[in-house]
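The structure under discussion appears below in the form of structure tokens.
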Amino acid sequence: MSSLSQKIAAAFSILLLSVCLPGCGNSERTTNTDTAESTVTAETPTRTKNIIVMIGDGMGFNHYRAASLFLYGEPEGQPYTAFPLRIAMSTYPATGQYDPDTFWATFDAARQGATDSAAAATAMATGSKTYRYAVGVDAERRKLPNIVETAEASGRATGIVTSVQFSHATPAGFGAHNPTRKNYEEIARDLLTKSGLEVLMGSGHPWYDDSGQLRETPNSYSFIGGESTWDALLQGDMGNDCDKDGIIDPWTLIEEREAFRKLADGATPKRVLGIARVARTLQQKRGEAGEVSDKAFAQPFITSVPTLAEMSRGALNVLDNDPDGFFLMIEGGAIDWASHANQTDRMIEEQVDFDRAVASVIKWVETHSSWQDTLLIVTADHECGFLNGAGPSTQWNPLVSKGILHQPSVQWHSTGHTNALVPLFAKGAGTQLLREEVRPRPDPVRGPYLDNTSVGNVVMTLLAPKRH
């Protein structure tokens, strides 16, 4: 075994222990067609206490399967692939559609009519389709009520966590309203000064570069709301009345990795803004331009920034202080970024980081809550890169394993988003309502599927405000 292989194997002996939960090695499962009844007894509650939506940005079926083949040697090794609900989901925007017959009959159909993260996040956060680049508004640019606002009205705490900038498209779609996702500074200020969020975490630090190194001069302040906003955050003067009690609730800013880790246990501030000390993504953009290995986990990671799992654990510890429950959206945002660049190694790294975050959330549910109180949805906003198995470029090919800790044979057929169905996994209180959203005609390959608007509609039903 080479020195590099030995280093990777040693690293992953630890990673396997941290990722794998009971039952995660079961290879006898189907992801997209199994709608067997859940073992959870209270599956159709009138009101679910805690709801967690985890989004792998750009994650198609072959993305999570590629990471599973790399880590486990089988295509369905992650713990969430054993969830009671394993189904597909369509993601097209307001002007598109998904036609199962056309999609599978014409290879190029996947690249037609694709959504973007803003429109897809808006659909999942509001239950309404909209145009590409729209954030929390409909086709006429009117504000749409979203999940965060519904949760706040019900008395719950709310949070958004991402591995990219918190004002980027997916987090913005859940907590802001803007006619275009490109208005980062406006979106950031809305999230910081108008929303009721108790937790907001991501990257976008103005003083650090993509490798986590301190800059001599600051980069753009736009992703955190402008220079004056950043100065106010540093002074502890930024905030708003998030709980409507007439008192301003300032943000507590954390930046260091150790601060994110400490947030996972013990007492917490009422409101936390976590900005990791890195520019655009936690890890995917690290290194010099073009310095990308052909082996996942071969290049050293930035050790000064938190993992998505560490951020997630901290967010959960803040939000579970609310006796009424909470809503939390967690995004693995750079799966999409790596897929746009057709970086197989970075995509697998980002997918594994997302999978580890899911595993940590599952552990939290089973340790600090229960599946009778909590609903966990794991899904994607869209597929990116048209990822396929190696083989003829005009047909659908399965992924081929090369063994544990080796990247499977794949082909990328796009540098953009596609209209392919994406996976959705769900477990906990309210899962049955998602089953009831299945489209009348199944997909010939993926089987039963629902639409991304079903996520918003079901979650807002389960977040129905308390009756006094």
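Annotations
- 2 or more residues modelled with pLDDT of 95 or more, crowded, with 24+ Cβ neighbours inside 10 Å and not basic (Lys, Arg): qualifying strands (runs of 3 or more DSSP E) within region 324-394: 326-332, 374-379
- Here the condition is being touching a residue at least 24 places away in the same chain (Cβ under 8 Å), at negative phi, open to solvent by 10 Å² or more (accessible area, probe 1.4 Å) and touching a His at 6+ places or on another chain (Cβ under 9 Å); of 417, 413, 406, it holds for 417 alone.
- Residue ID - nearest to residue 413 (Cα to Cα), chosen from residues in region 70-96 that are open to solvent by 10 Å² or more (accessible area, probe 1.4 Å) and assigned to a helix (DSSP H, G or I): 72
- Some residue of region 239-254 being in contact with a Ser or Thr (Cβ under 9 Å, 6 or more places away or on another chain) and among the aliphatic types (A, V, I, L, M): no
- Residue within region 123-136 that is surrounded by fewer than 24 Cβ atoms within 10 Å (Cβ to Cβ), under 19 Å from the mean Cα position of the chain (by Cα) and within 19 Å of residue 443 (Cα to Cα) present: no
- Test: residue in region 370-388 that is free of Cβ contacts under 8 Å to residues at least 60 places away in the same chain and touching a strand residue (DSSP E or B) at 6+ places or on another chain (Cβ under 9 Å): yes
- Yes/no for residue 286 being of a type in the set (Lys, Arg) and open to solvent by less than 30 Å² (accessible area, probe 1.4 Å): yes
- Residue list for region 213-225, restricted to those being under 25 Å from the mean Cα position of the chain (by Cα), part of a loop (DSSP other than H, G, I, E, B) and at pLDDT 95 or above: 221, 225
- On the stretch given as region 69-105, residues that are at pLDDT 95 or above and of a type in the set (Val, Ile, Thr) total 3.
- Selected residue (only one of 158, 150 is within 25 Å of residue 464 (Cβ to Cβ) and open to solvent by 10 Å² or more (accessible area, probe 1.4 Å)): 150
- Residue in region 293-301 that is assigned to a loop (DSSP other than H, G, I, E, B), surrounded by fewer than 20 Cβ atoms within 10 Å (Cβ to Cβ), hydroxyl-bearing (Ser, Thr, Tyr) and modelled with pLDDT under 95 present: yes
- Of all residues in region 396-429, those satisfying the criterion of being over 20 Å from residue 344 (Cβ atoms) and not in a strand (DSSP E or B) are 419, 421, 429.
- For region 251-268, filtered to residues that are of a type outside the set (Gly, Ala, Ser) and touching a helix residue (DSSP H, G or I) at 6+ places or on another chain (Cβ under 7 Å), the residue that is surrounded by the fewest Cβ atoms within 10 Å (Cβ to Cβ) is 265.
- Residue tally, condition in a loop (DSSP other than H, G, I, E, B) and under 20 Å from the mean Cα position of the chain (by Cα), over region 169-194: 4
- Within the set 141, 132, the sole residue that is farther than 30 Å from residue 395 by Cα, among the basic types (Lys, Arg) and assigned to a loop (DSSP other than H, G, I, E, B) turns out to be 141.
- Contact map, region 99-120: first residue touching a residue at least 12 places away in the same chain (Cβ under 8 Å) and in a helix (DSSP H, G or I), second residue aromatic (Phe, Trp, Tyr) and open to solvent by 70 Å² or more (accessible area, probe 1.4 Å), Cβ cut-off under 8 Å, separation 6 or more or different chains; pairs are 104/396; 107/396; 118/133; 119/133.
- Residue check, residue 280 among the basic types (Lys, Arg), within 19 Å of the chain's Cα centre (by Cα) and in a loop (DSSP other than H, G, I, E, B): yes
- Selected residue (only one of 245, 210, 231 is closer than 16 Å to residue 273 by Cα and either open to solvent by 30 Å² or more (accessible area, probe 1.4 Å) or under 24 Å from the mean Cα position of the chain (by Cα) (or both)): 231
- Top-ranked residue in region 250-265 [being touching a residue at least 24 places away in the same chain (Cβ under 8 Å) and not in a helix (DSSP H, G or I); ranked as nearest to residue 235 (Cα to Cα)]: 251
- Flag if residue 454 is in a loop (DSSP other than H, G, I, E, B) and not aromatic (Phe, Trp, Tyr): no
- Exactly one residue out of 312, 304 is open to solvent by less than 10 Å² (accessible area, probe 1.4 Å) and modelled with pLDDT of 95 or more: that is 312.
The values are calculated or read from the model by the stated rules, or taken from the named source; none is laboratory data. Predicted model, so just to flag it, every value in this text is computed and none were measured. Cβ atoms come from the backbone with ideal geometry, glycine included; neighbour counts cover every protein chain shown. Surface accessibility is based on the protein's heavy atoms, side chains included, excluding ligands, DNA and RNA. Shrake-Rupley method; radii C 1.70, N 1.55, O 1.52, S 1.80 Å.
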